Structures are given as C-alpha cells and as structure tokens.
Amino acid sequence: MADITKEQVKHVANLARLAITEEEAEMFQGQLNSIISFAEQLNELDTEGVEPTTHVLDLKNVLRKDEPKEWITQEEALKNAPDKKDGHYRVPSILE
Amino acid sequence: MSLFDYTIKELEEKIHNKEVTVEDLVDTSYKRIKEVDGQVHAFLTLNEESAREEAKKLDAAADQTASLFGMPAGIKDNIVTKALRTTCASQFLDNFDDPLYNATVVDKLASQQAVTIGKLNMDEFAMGSSNENSSYTPTRNPWNTDYVPGGSSGGSAASVAAGEVLFSLGSDTGGSIRQPAAFCGVVGLKPTYGRVSRFGLVAFASSLDQIGPITRNVEDNARVLEVIAGIDPMDSTSANVDVPKYTEALTGDVKGLKIAVPKEYLAEGVAPEVKESVLQALKVYESLGATWEEVSLPHSKYAVATYYLLSSSEASANLARFDGVRYGVRSENADNMIDMFKKSRSEGFGEEVKRRIMLGTFALSSGYYDAYYKKAQKVRTLIKNDFDKIFEDYDVVIGPTTPTPAFKVGEKIDDPLTMYANDILTIPVNLAGVPGISLPCGFSEEGLPFGLQIIGKHFDESTVYRAAHAYEQATDHHKKRPQLGGAN
C-alpha cells in the first residue's frame, strides 16, 4: 500500500506549479495513493536485466544542418500572448 | 440517404460525372451539423465561411484529381490549424483563436484538397475515455445520447457516425481513436508509431501519441492514411519508411492469413456479448480461408499500470509549456511570476489533467523515479516483447477493442481507476508501437456497437487493412446508421 502524505502531495503540486486547495490536496492524496497502489503490481515482475524502453523504434540521433529557415515573425510569435510590450512577452514581477 | 453513405471513391466518380459538386458535399456537412449537433455536440469550432469559399473554388478548378478532392473533414481539436481556433477542449486555450501554423497532417489533407469543416470535441488535452473531461459540453453517442461516445477522440468518432463529416482525424495515445470508433460504430486506425508526423499535434505522451483517420469504411480509411503518412522533417520521430498504396492491399483475399487470438483479450471482464461477437468474427475469417489460434500475451494485465505511469510522466513534462506567458488564458489574480504560473495552471486545467500532471510529477520526482517511471519503462519492454514473439508466427492479432460497449454518461466519471480499466485492450498496442484498427462487429441488445480490433506488425498497416476489409465486405455491420433526429 502506497503511503503518500498530504505534505508530499503539496510538494508535488509545487513542483508541478499547481496551486491546490486543502480539499484538493486531500482528494489527490486519496487518488494518488490508490493509483500508486494499483501500479505496485508491477513489482510482481522481475525486471532485473531488462532494458527500459524509451522509444519503440530503433531511432538514432536525427541530425540536420544548422541552417536558418523562414519561420514566424516576432509579431506573429506575440500574437496570442495574454500580455506583451515593446516586442516582448510581459509577465508579473519575478522578484517578490 | 446521405451523400456520406457513399465511399470517397464513389463520391469522386460522382464529382467527375458532374452529379455532385463540392458545394453539395460541404452543404451536406453544415446542414447535418445544424440538424443534429445540438444533440451530439461533436463540434467546438466551425470553419463554415472558409469551407464554403473553398468549395466554390474547387468546383471551378480545372484539375479535380486530388485524392481527397472536396471531401469534408473534421479535425480533432488538439491538431493545430492555422488561424482556426484550437483549444484541446480546454478552458486554458479558450482564447487560442489564431494558431500560427498547420499541423503537417492538416497541410497534407489540404494538399489533396480535402475541406476542413471544423474542429472536434475531445477529452481535455486527450486525457479521458468518455469525452466527459471536455471543458465544453461533452459529446454524446449518436446511437443513444444517454451514452458516452468514448474518448478521447469522441467528437471525431461521433461526427463521422452522425454523418456530419465524411471522415475525421483523431489522435490515439492509449486507445483514443479505436475506443471511440468502437463505441460509435465506425472505423478508426492507430498507425504504427512514427508512421504519421506528430508535428502540430499538441503533445500528451510523445512516445505513444499517433494521429490516425476515422471513417465509415475501411477503404476510405486506407485512402486517408495514404495521404497523411510519411516522414516529416518537422518530426524527428517520424519514420523513414516508404508509404505503400494501402488501398491496393484491399483484395478481399485472406486465404492463409494467420490470426493470433490472445486469451487475455477474451478473459473475465470482457462482456459475454462482446466475446461472442469476436468469436463470430473469427468464424467469418475461417469461412474466408484464414486460420486462428489462441495465444498468450502474458504481460497484458500490467499494461494499464505501465501506461498510466509513463503517459502521465510524459504529460507532466509536455504540459509544462502551458504557463500563461505565450498563449492561453492567464490568471488575473497573481502578484508575482511563480504565482501567475500556478494560478493560471490551476484555473486553466480541469481535474483529470491536474490528476495526471500530479501523478506524472510524482513518478518522476527524486526518490521515486526508479521505483515507478523506470520500472514502467522496463515492463513496457516486456509488453513489446510479447507482441514481437507473437508476430514471429502470426500475421495479425485479433480481439475486441473494448471489454464492453459504450457506458452511460456519468457512470464511471467518479472513479479514475474504473475509467482507466476501460482501455485495457487498446493500451498494449500503443506501448508496443504497433498499428491497430477498430471496425464494427456487432451490436448489443441496447443497439450499441461493438468494435473488432485487428493489430499488425510495425509498419504493416497493409495487412491490417486487408484483414479488416475482408471481414467488412463479408458482413454488414458497417452499413447500419444511428437514428438521430432528422433524415440520416
């Protein structure tokens, strides 16, 4: 049985940049515990010496020449931004 | 009878004989949408003005030989369309009205002169099996609107089943094309990983995601895949493997085809009527000269746990890009930048998306990475090896697409694990990276469709299509249409 504490849930939420309420922390605690407990069935399998699969195809590094191509303009890149100024994205203060 | 009861090939002939115009086809789409989409809710955004203009242009064109000339298509809303709103059915992207480019598949459809009718509803960011996770009104099943259409490509499957478009594109990470295709009684293919470019598909789990066609019949499906498949310099995971003429594989001949039927796919948990429909299908194959044997995919039962660890981990990384800076809706209640990230993400993402980000972040976090993420990657190898071994001796693997037909709206939404278990027969296919199709193979007592799943070797969609087509031609399940309001 997994034993994820509410403190851990809050820590994970912070890593994931999610603001969660006390109630959500409790809900996620219950749900993550049951999903992780379910996932612990994988421990029934002996995977000693088994290579992990990150990718099903036998891909090697795919390289291309570093040549500039036409893509989007600065103006286009900013078009969907919620806030912008003088050709830049604008965000709230970084320093507190 | 609707024009969409014809195949692409038949419509092509009608266009060439001047019996039908592209304007007629596009009009058929929008009329039907106006008639039934208030019940089905398959569409999030319509492209009506541009589509009608495009139709006029095509009707006036001298060359009308493109392979999807004038065919009305719906696009799942996680596939980016230039200047056409793309939301992934998320509040977070509610204002993403002006995407800067087309996904490669959208450009490819356009190059063969298909007409984009609109963008299709889905589970938010493709996370879900019922469409109930859409931030907008969830799509309903055209066969019975009390039931879910499946997911996450629920809008893609329902729009084709309801006759709103001739074909659609969906995406499949753990069954998201095949499961809704099964629930809605249409044909949906998840290609081999790397067969179709993912450029412009909003990433959920990059090692599993594939785009594929949803159609009313196998021939149309093969025809659409011919257009969208192939290597793309914009997607380094797209494979440099020749694209065969899939439609030429549809010979109707399956004599000597060797079929493997995994006992795990007909085990406890699979509804008796679903099992029966698959056994009936196997009899059809026998009568056509194919043979089948029971085999085992021993690691199948570990697929759901493996999938949720891996796909959620990848999702937690992929969805980090939604931060309220470059696009999307920004929270107005933040005092500093970190707070802005957190509040925008918390207000923008729905509950299931947050749950998966939390699970994935946990599985990747320090101290747990080896125990969960890496362990799951190793089990993925075992699952892939199961398929490799079977394909040494057999041409295709056949089983049901889902353990049950569509379930009722609200029935499974409160229990994530019950919802996840629904994908037990489709998930292994994504983990192994092989192609799989779902096509109609019968109906429940309530009149809801079942799907037959045919799985093939890497890059052997041709054999999958050949097997699917032979069965389809020998049966008439694909000719039935849901009885929604209005003429069908």
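The values are calculated or read from the model by the stated rules, or taken from the named source; none is laboratory data. Given the structure is predicted, the values throughout are model-derived calculations rather than measurements. A quick note on method: Cβ atoms are made from the backbone with ideal geometry, for glycine too, and the neighbour counts reach across all protein chains shown.
Residues being within 17 Å of B:PHE167 (Cβ to Cβ), assigned to a helix (DSSP H, G or I) and over 23 Å from the mean Cα position of the chain (by Cα) are represented in the stretch B:4-11 by at least one member.
The residues in the stretch B:299-325 that are without any contact (Cβ under 8 Å) to a residue 12 or more places away in the chain and under 20 Å from the mean Cα position of the chain (by Cα) can be counted, and the count is 0.
Scanning the stretch B:458-474 for residues that are surrounded by fewer than 17 Cβ atoms within 10 Å (Cβ to Cβ) and of a type outside the set (A, V, I, L, M) yields a single hit, B:GLN473.
Among the criteria (1) of a type outside the set (Val, Ile, Thr); (2) under 16 Å from B:LEU439 (Cα atoms); (3) out of contact with any helix residue (DSSP H, G or I) (no Cβ under 7 Å at 6 or more places or on another chain), the one B:LYS263 does not fulfil is (2).
Residue-by-condition table, conditions (1) surrounded by fewer than 24 Cβ atoms within 10 Å (Cβ to Cβ); (2) away from every other protein chain (no Cβ under 14 Å); (3) modelled with pLDDT of 95 or more; (4) more than 21 Å from B:VAL218 (Cβ to Cβ):
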{"residue": "B:ILE413", "(1), (2), (3), (4)": "yes, no, no, yes"}
{"residue": "B:LEU417", "(1), (2), (3), (4)": "yes, no, no, yes"}
{"residue": "B:VAL434", "(1), (2), (3), (4)": "no, no, yes, no"}
{"residue": "B:LEU439", "(1), (2), (3), (4)": "no, yes, yes, no"}
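Could you please tell me which pairs satisfy a Cβ distance under 6 Å, a separation of 6+ or placement on different chains, a first residue in the stretch A:47-75 that is exposed (fewer than 11 other Cβ atoms within 10 Å of the Cβ), and a second residue that is not in a loop (DSSP other than H, G, I, E, B)? Once the first residue is exposed (fewer than 11 other Cβ atoms within 10 Å of the Cβ) and sits in the stretch A:47-75, its partners that are not in a loop (DSSP other than H, G, I, E, B) give A:GLU51/B:THR381.
Count of the stretch B:61-87 residues, restricted to those that are surrounded by 15 or more Cβ atoms within 10 Å (Cβ to Cβ) and either of a type in the set (Lys, Arg) or within 14 Å of chain A (Cβ to nearest Cβ) (or both), is 8. Being closer than 25 Å to B:GLY360 by Cβ, surrounded by fewer than 24 Cβ atoms within 10 Å (Cβ to Cβ) and in contact (Cβ under 8 Å) with a residue 40 or more places away in the chain holds for only one residue in B:GLU124, B:GLU132, and it is B:GLU132. For B:THR192, only one of the following conditions fails: (1) assigned to a helix (DSSP H, G or I); (2) under 27 Å from B:ILE231 (Cβ atoms). What is its number? Among (1) assigned to a helix (DSSP H, G or I); (2) under 27 Å from B:ILE231 (Cβ atoms), B:THR192 violates only (1).
To keep it simple, each residue is scored yes or no on (1) more than 14 Å from every other protein chain (Cβ to nearest Cβ); (2) in a strand (DSSP E or B); (3) of a type in the set (D, E, K, R).
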{"position": "B:THR247", "(1), (2), (3)": "yes, no, no"}
{"position": "B:GLU268", "(1), (2), (3)": "yes, no, yes"}
{"position": "B:GLU276", "(1), (2), (3)": "yes, no, yes"}
{"position": "B:GLN280", "(1), (2), (3)": "yes, no, no"}
{"position": "B:LYS283", "(1), (2), (3)": "yes, no, yes"}
{"position": "B:GLU293", "(1), (2), (3)": "yes, yes, yes"}
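Of the residues in the stretch A:38-46, none is under 28 Å from B:GLU347 (Cα atoms), within 10 Å of chain B (Cβ to nearest Cβ) and without any contact (Cβ under 8 Å) to a residue 40 or more places away in the chain. For the stretch B:1-60, the set of residues classified as crowded, with 21+ Cβ neighbours inside 10 Å and among the basic types (Lys, Arg) consists of B:ARG32 only.
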